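Peer 1: Could you have a look at this structure, given as structure tokens, before my questions?
Values in this text are rule-based calculations from the coordinates and carry no lab data. Computed from a predicted model, the values in this text were never measured in an experiment. Because the Cβ atoms are built from the backbone with ideal geometry, glycine has one as well, and the counts that use them run over all protein chains shown.
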Amino acid sequence: MLTPGGTLYLIDEHPLAWHFLCPGARPSYFCTEPQRHEREGDYCDRTFRHEHPVVEYQHTVAELVNSVIDAGLRVGRLEEYDFGFFQVFEDWVPMEGGYRRPAEGRTIYPLMLSLKATKP
């Protein structure tokens, strides 16, 4: 719960990123069904071993923004970035601020987004 004047700041991988990084690996951008994955590691610790399948949900940018608006918050900024906050693939290189990008350089698609909203 935010108090009046409080700020919500969301930063996450862009929901379109995986459709470019691994074409065909994920269903439609508009998929609403949960996606189950058997995989090793995660973005924080590649050596982590999941005991159960990972379940993820796809959310469009519109769904994220409209959820914030529907909660009565005022969106102040929405930004998209051509770099990410974790090393997706082994060949990704570090950047200033702890961010990562593909070794080839800038992408033509968004990898991360941020949203800032306040409660009136």
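Peer 1: Could you give the angle, 0 to 90 degrees to the nearest 10, between helix 61-70's Cα long axis and the longest principal axis of the Cα atoms of the chain?
Peer 2: Between helix and principal axis, roughly 30 degrees.
Peer 1: When the chain is treated as a GNM, springs tying every alpha-carbon pair under 10 Å, which of 106, 74, 49 comes out with the largest mean-square fluctuation?
Peer 2: 49
Peer 1: Using 0.36 nm per residue, how much length does the chain from residue 33 to residue 3 gain when fully extended, once their Cα-Cα distance is taken away?
Peer 2: This chain segment gains 7.5 nm when fully extended.
Peer 1: Taking 0.36 nm per intervening residue step and subtracting the Cα-Cα distance, what contour gain separates residue 61 from residue 119 on full extension?
Peer 2: Working it through step by step, the gained length comes to 18.9 nm.
Peer 1: Where the only charges are on Cβ atoms (+1 Lys, Arg; -1 Asp, Glu), what is the dipole of the chain about its Cα centre, to the nearest 20 debye?
Peer 2: 380 debye
Peer 1: Considering the values [x] 14.4; [y] 6.8; [z] 9.0, which represents mean projected area of the Cα convex hull in nm² as calculated for the structure under consideration?
Peer 2: Label of the calculated value: [z].
Peer 1: Counting Lys and Arg as +1 and Asp and Glu as -1, what is the net charge of the other residues whose Cβ lies under 14 Å from the Cβ of residue 11?
Peer 2: Local charge sum for residue 11: -1.
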